[in-house]
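A.B. asks: Quick one: this structure, given as structure tokens, is what I'll be asking you about.
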Amino acid sequence: TIQDEAVFGQVSYKILPRLELQVGGRFTHDSLNNPAGNGIDIGPGAVFIPGAGDHADNVWTGKAALNWSVNDDNFLYAFVAKGFKAGGFDTGFVPDQFKPEVVWDYEIGWKTYLFDRHVRTQIGGFWNSYQDLQVSVLHPASGTISLDNIGKSTIKGVEAQIQGQFGGL
């Protein structure tokens, strides 16, 4: 049995006419009940894996952002957000539970229009700090894949886009 429930809210406040603060929060409850374990079919019969049990996560997440519309063609933003992916049961040959994944996301960016609004550019830098990152792991001896937590991990980078519209192109 899987049960997912959440409550979310967000507010925006104009600090100045072109500077806005946004704050949002979310409470999530995820629960999983596996009373009988997992049956996996291999060949002519079925193998029963006793992975019975309960797993539940109750997590607060949220986001705080500053958005600055410098003018009609330039928009700057910065935010910090906490994200979450529920934990649960592994369905591989080694029945086990995996923990929820939590990420802190820090991002800054700039969106602008150029050349009489014919070109739009977007550039952003991000830094994601994960705790209990969930990854699929191959077990060569059995040929099965399980979902495991690998601890802390960091992903960082820059994203850039450019779009143009010239006549019908």
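The values are calculated or read from the model by the stated rules, or taken from the named source; none is laboratory data. A quick note: this is a predicted structure, and the numbers were derived from the prediction, not measured. No Cβ is skipped: glycine too gets one built from the backbone with ideal geometry, and neighbour counts run over all protein chains shown. Areas reflect the complete protein model, heavy atoms only, side chains present, ligands, DNA and RNA absent. Shrake-Rupley method; radii C 1.70, N 1.55, O 1.52, S 1.80 Å.
A.B. asks: If Arg120 satisfies all but one of (1) more than 20 Å from Ala78 (Cα to Cα); (2) open to solvent by 40 Å² or more (accessible area, probe 1.4 Å); (3) touching a strand residue (DSSP E or B) at 6+ places or on another chain (Cβ under 6 Å); (4) of a type in the set (D, E, K, R), what's the number of the condition it fails?
C.D. replies: (1)
A.B. asks: Looking at the stretch 99-116, which of its residues are open to solvent by less than 40 Å² (accessible area, probe 1.4 Å), within 30 Å of Phe27 (Cα to Cα) and assigned to a strand (DSSP E or B)? Walk me through it before giving the result.
C.D. replies: As a first pass, look at the stretch 99-116 and keep what is open to solvent by less than 40 Å² (accessible area, probe 1.4 Å): 100-103, 105, 107, 109, 112.
Adding the requirement that they be within 30 Å of Phe27 (Cα to Cα) leaves 100-103, 105, 107, 109.
Result: Glu101, Val102, Val103, Asp105, Glu107, Gly109.
A.B. asks: Still on this structure: Taking only the stretch 130-141 into account, find how many residues are surrounded by fewer than 16 Cβ atoms within 10 Å (Cβ to Cβ) and either touching a strand residue (DSSP E or B) at 6+ places or on another chain (Cβ under 9 Å) or closer than 25 Å to Lys85 by Cβ (or both).
C.D. replies: 6
A.B. asks: If the requirement is being open to solvent by less than 40 Å² (accessible area, probe 1.4 Å) and at pLDDT below 90, which of these qualifies: Gly87, Gly83?
C.D. replies: Testing whether each residue is open to solvent by less than 40 Å² (accessible area, probe 1.4 Å) and at pLDDT below 90 leaves just Gly87.
A.B. asks: Taking Gln165, is it out of contact with any Cys (no Cβ under 7 Å at 6 or more places or on another chain) and open to solvent by 40 Å² or more (accessible area, probe 1.4 Å)?
C.D. replies: It is true that Gln165 is out of contact with any Cys (no Cβ under 7 Å at 6 or more places or on another chain) and open to solvent by 40 Å² or more (accessible area, probe 1.4 Å).
A.B. asks: Name the one entry in Val137, Val119 that is within 30 Å of Phe27 (Cα to Cα) and of a type in the set (A, V, I, L, M).
C.D. replies: So the residue among Val137, Val119 that is within 30 Å of Phe27 (Cα to Cα) and of a type in the set (A, V, I, L, M) is Val137.
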